[in-house]
Each structure stands twice: as C-alpha cells, then as structure tokens.
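Worksheet: one structure, shown below.
Nothing in this text is a laboratory measurement; each read-out follows from the coordinates by a stated rule. Remember, predicted model here, so these are calculated numbers, not experimental data. Backbone-built Cβ (ideal geometry, glycine too); neighbour counts: all protein chains shown.
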Amino acid sequence: MIIDIRDIRPSPLAGRWYPAAPTALRSMVENFLVAAQPELIEGEIMGLLSPHAGLQFSGPVAAYAYKIVRDMAFDTVVIIGPMHHPFDGRVLTTAHTAYETPLGQVQVDQEALTSLGERVDMVRLRNDPEHSIEIELPFLQTVLKPGFSIIPLMLRDQSRRQANELSGALVEVLNGRRVLLVASSDLSHFYTQDIANHLDSTLLAAVESMDGERVIDLDEQGEAFACGHGAIATVINTVKAWSANHGKILGYATSGDVTGEFDRVVGYGAGVFFKQNQMR
C-alpha cells in the first residue's frame, strides 16, 4: 500500500484526545481491549457502533465493539460520523490521501470516494478538525489485519432522506468487497446519570432492533439522542441491504462512570450488526 507522505491529514487530536506517544497509545488501547468482555457473536460481522469521545472516556466502551473484530481482515472500513463543525455541505470527507495517528498512516480509498461523489452531494475538506472519524482509527489500527483502507464520511445532514441516499450509494459502490462499516456516535449529552441511562436505553433498543428509521425519529422528536443518529441509520440501512439480520448491544457506560461525576454525563454505546444464518 503506497501512501503519499506529502498529503497526510495532520492529527488535531494526538496529545489531546489520546496520547501522542505511540507506546502510550497502544498500551491504552490494549488495556481497554483486555478489560472488555463482549458477548460472543456467531455470524458474519458487517457493522459496528462505537462512541467517539476522548479515549480515556469512551475507550472502555469502544473496546467492546472492536474486540469482536480482532484479527479480522477487511478491504475497506467505512467510518460514518457527524460533522460537529459548521462547514458547508451535506456529506463531507477528506481531501487528503491518508489519515495519521501515532500508530501510523491509513490510506483513504480515493477511488471509492470518487464513485460516491458521483452519487451523493459530497464536499472534500483539507485539515479538518473533526474528531468523529479519527478517534476510531487507533482501535482499527490495533485490531484489524493490515492492508485496509478507509472511507471517512462526516454528516452535516442527518436526515432520513440523506441516510437513505448515502446507504444506497454505499451499497452500489462497495458491493462485493470485504467491508466493515463503523457508525461513530455518542448518545445523550449532559443529563444526569439516571436520565441518561433511560434515554440511552431507549435509543440503544432501536439500534439493537436495527430500526434506523426509529433511531432518527427518536432524536428528531426529543425522545432519545445520538449525535450521530443519521450515521447510525446509514450504517443500519447499508448492512441490512447486505442481508445483516441481527443487532446486538455489547457495552454501555457514561462519562460519569469514568469521572465519578454524575450531574452532567455523556452516554456511550457499543454494538454490532451481523448476518446470522437462520436455523432450519
């Protein structure tokens, strides 16, 4: 895999959202993976739900999702998250040829992005500050076999229409590849622990039932929240088109479980979408 070292996206997170030293970052990720004990999944894994806060806060939960794909090989990993910054465009992606973390570089699938850009309204950015894509990379770099490329997609438009349009394009462009989709999303923000637990359980029930429409409805109607509700719906729609028929929530916690402060917490969930052959 050849990466143009002149065009690597500089990391705005290293040393802030996770350790800048490779040994410290790898040790942190590995410790989270050792501690996580997700339920065994029998079937073909197609997608994950993972949070995207600073690793010290959301890493223990994210590890539940990433541990179940350890040592697996994929051609392409599609990471879909919200764009938290006020850029123009409905779907945004990188204009760089690679992302970089202290664990190394990951190539961006430019060919696939070009094909997607012919099907959906997409804006390419240079030196973006968005964290919802990059924060997933240290886990992916640690658990997957080398050789995968990424398709980073950041959504400003998280509507039902956009989720349907983007999932249709992904199915068309990526059909036949070994693909892992990652929905990068946190859950409720800044409620008390008890209220967050209630809101998040409602949202995660919709995720587990693979009901992308309900995920969006819950957020739009204020009944439960996910900052990446459109990203989650897009991933669910896509894997269902590839015959995924099961969802499973693997882990859940809040920032309060890390800090011990329960007045204003952020919820984190980890999940998996997979295809399980039906018993005759």
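If R0 equals 35 Å, the separation of the Cβ atoms of ARG119 and GLN221 corresponds to a calculated FRET efficiency of about 0.75.
Long hydrophobic helices in the chain, taken as whole DSSP H segments with a C-alpha length of 30 Å or more on their own axis and mean Kyte-Doolittle hydropathy at least 0.0, are absent.
Any idea how far the Cα center of region 80-104 sits from the one of region 1-61, in Å? Each part's Cα centre sits 16 Å from the other's. Backbone amide hydrogens, once placed in the peptide plane, bring VAL266 within less than 5 Å of PHE190, SER255, GLY256, excluding anything fewer than 5 places away on its chain.
Report the FRET efficiency, 1/(1 + (r/R0)^6), for PHE262 and ALA95, where r is their Cβ-Cβ distance and R0 is 35 Å, rounded to 0.05. That pair, PHE262 with ALA95, gives E of 0.25.
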